[in-house]
Amino acid sequence: MQAILLNIIQILFSLIMGVLIPAFGAQSLISETLNNTIFMGSVAACFFCMVFSVQGKYADLPGISEAASSQIR
């Protein structure tokens, strides 16, 4: 469920960036910084979850795990 919610968040960021890129320009510093920050956050969250899964623990992402557990109940 956390993976699905992370994917939804990435899709929302993609839609927001689709609106912001024409406003700032395709190669502006702001748009490139936002794209890189979103990408690095996604990669960090994936590695965090993979490490915890390998250890046999539940990866507790703040905010996302709460939303995922509320969807399951």
TODO: Residue by residue through region 21-41, note down the ones that are surrounded by 14 or more Cβ atoms within 10 Å (Cβ to Cβ) and among the aliphatic types (A, V, I, L, M).
DONE: 21, 34, 38
Task: Selection status of residue 69, modelled with pLDDT of 85 or more and in a helix (DSSP H, G or I) - done: no
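I need a count of the residues in region 1-39 that are within 25 Å of residue 61 (Cα to Cα) and either basic (Lys, Arg) or not in a helix (DSSP H, G or I) (or both).
Of all residues in region 1-39, those within 25 Å of residue 61 (Cα to Cα) come to 1-17, 33-39.
Narrowing the set further to residues that are either basic (Lys, Arg) or not in a helix (DSSP H, G or I) (or both) leaves 1.
Qualifying residue count, region 1-39: 1.
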Open item on the list: Please go through region 1-58 and give me each residue that is within 21 Å of residue 72 (Cα to Cα) and among the hydroxyl-bearing types (Ser, Thr, Tyr), ordered by number.
Closed with: 53, 58
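Taking the criterion of being touching a Ser or Thr at 6+ places or on another chain (Cβ under 7 Å) and either surrounded by 14 or more Cβ atoms within 10 Å (Cβ to Cβ) or not in a loop (DSSP other than H, G, I, E, B) (or both), would at least one residue in region 42-63 satisfy it? Lay out the reasoning, then the answer.
As a first pass, look at region 42-63 and keep what is touching a Ser or Thr at 6+ places or on another chain (Cβ under 7 Å): 59.
From what is left, the residues that are either surrounded by 14 or more Cβ atoms within 10 Å (Cβ to Cβ) or not in a loop (DSSP other than H, G, I, E, B) (or both) are 59.
There is at least one residue in region 42-63 that is touching a Ser or Thr at 6+ places or on another chain (Cβ under 7 Å) and either surrounded by 14 or more Cβ atoms within 10 Å (Cβ to Cβ) or not in a loop (DSSP other than H, G, I, E, B) (or both).
The values are calculated or read from the model by the stated rules, or taken from the named source; none is laboratory data. Please read all numbers here as calculations on a predicted model, not as lab measurements. As a convention, Cβ positions derive from the backbone with ideal geometry for all residues, glycine included, and neighbour counts pool all protein chains shown.
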